[in-house]
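Enquirer: Here you go, one structure.
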């Protein structure tokens, strides 16, 4: 009975006062060093007494701890993750795999953010684009295609990985085939894009919601103004000219505008640029 009690006490003391021996082959031994000499350590683990050569040990750490998974956002915009082995005021030591013998030393001067959960940086941008805007079912108004100009800002969406949200306004004035008639569009929209990356090229399905200020002269009444609901879907592709900073964009989109007279179907194709901070 006494032997059983002593064994329980020994195991309990190992758990409370554990020491972690990190070996050169990637192993981590948790136990209690009960003796040591110039050649080796004798370690009492939960299941056995084990002798470990000093030459095999890279470091010993004290206290109850496991290698925790950490995520790093570097100052150059890149991301890293791994298992934290050690940390001091100047650097962090991580392993890409928990049982890997390879350890990477990272200066804290190069780290912008460190977290126990995956980091999604905002990466805000300013965007400008221009292209062809064409209301395809203007019926009796016979509106012609015209050049539309658009300005906006976007950022990474924090709740969904590899997704950006974009806020944008623009301007387009479509003239009619009949002299003096026109319709002016000033959209205010928010869109969401899912980034699918292939090297320097991104292919991004997009969905848009918002409103549009319509000014128009139909030749029957005085010029009028109204606010209409707008929705749209399309595809955006981007080419990374300068890594994580400057992009060329090409967008195609189908838009549906709900005005007082019905539904106006529009096509939009633009070429633009985007600069990320």
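Enquirer: I'd like the FRET efficiency for residue 60 and residue 97, computed as 1/(1 + (r/R0)^6) with the beta carbon distance as r and R0 of 22 Å, rounded to 0.05.
Expert: The value I calculate is 0.60.
Enquirer: Using 0.36 nm times the number of residues separating residue 165 and residue 198, minus their current alpha carbon distance, what extension gain do you get?
Expert: Extra length available between residue 165 and residue 198 comes to 9.9 nm.
Enquirer: Angle check, please: helix 2-16 long axis (alpha carbons) against the longest principal axis of the chain (alpha carbons), in degrees 0 to 90, nearest 10.
Expert: Helix 2-16 sits roughly 40 degrees off the main axis of the chain.
Enquirer: Once the Cα atoms of the range 125-276 are picked out, what are the Rg and Dmax in Å?
Expert: My reading of the Cα-based Rg and Dmax gives 16.4, 54 Å.
Enquirer: Can you tell me the FRET efficiency between residue 47 and residue 116 if r is taken as the Cβ-Cβ distance and R0 is 25 Å, rounded to the nearest 0.05?
Expert: After rounding, the FRET efficiency stands at 0.25.
Enquirer: Now, a different point. Take the Cα atoms of the chain, build their convex hull, and give its volume per residue in Å³.
Expert: For the chain, the hull spanned by Cα atoms encloses 175 Å³ per residue.
Enquirer: When the chain is fully extended, how far beyond the present Cα-Cα distance does residue 71 get from residue 271, taking 0.36 nm per residue of separation?
Expert: 68.5 nm
Enquirer: For a label point 7 angstrom out from the Cα of residue 128 toward its Cβ, which stretches of the range 162-176 have the backbone nitrogen within less than 19 Å?
Expert: In the range 162-176, the label zone of residue 128 (backbone N under 19 Å from the point 7 Å along Cα→Cβ) covers 167-173.
Enquirer: Quick check: residue separation of residue 151 and residue 237 times 0.36 nm, minus the Cα distance between them. What number comes out in nm?
Expert: 29.3 nm
Enquirer: Ignoring everything except DSSP H segments at least 4 long, calculate the 222 nm mean residue ellipticity for the chain; use -39,500 (n - 2.57) per segment, divide by total residues, nearest 500.
Expert: That calculation yields -2000 deg cm²/dmol at 222 nm.
Values quoted throughout were computed directly from the atomic coordinates according to the rules given, and no laboratory measurement underlies them. Everything numeric here is computed off the predicted structure, so don't read it as measured data. Heads up, the Cβs are rebuilt from the backbone with ideal geometry, glycines too, and the neighbour counts pull from every protein chain shown.
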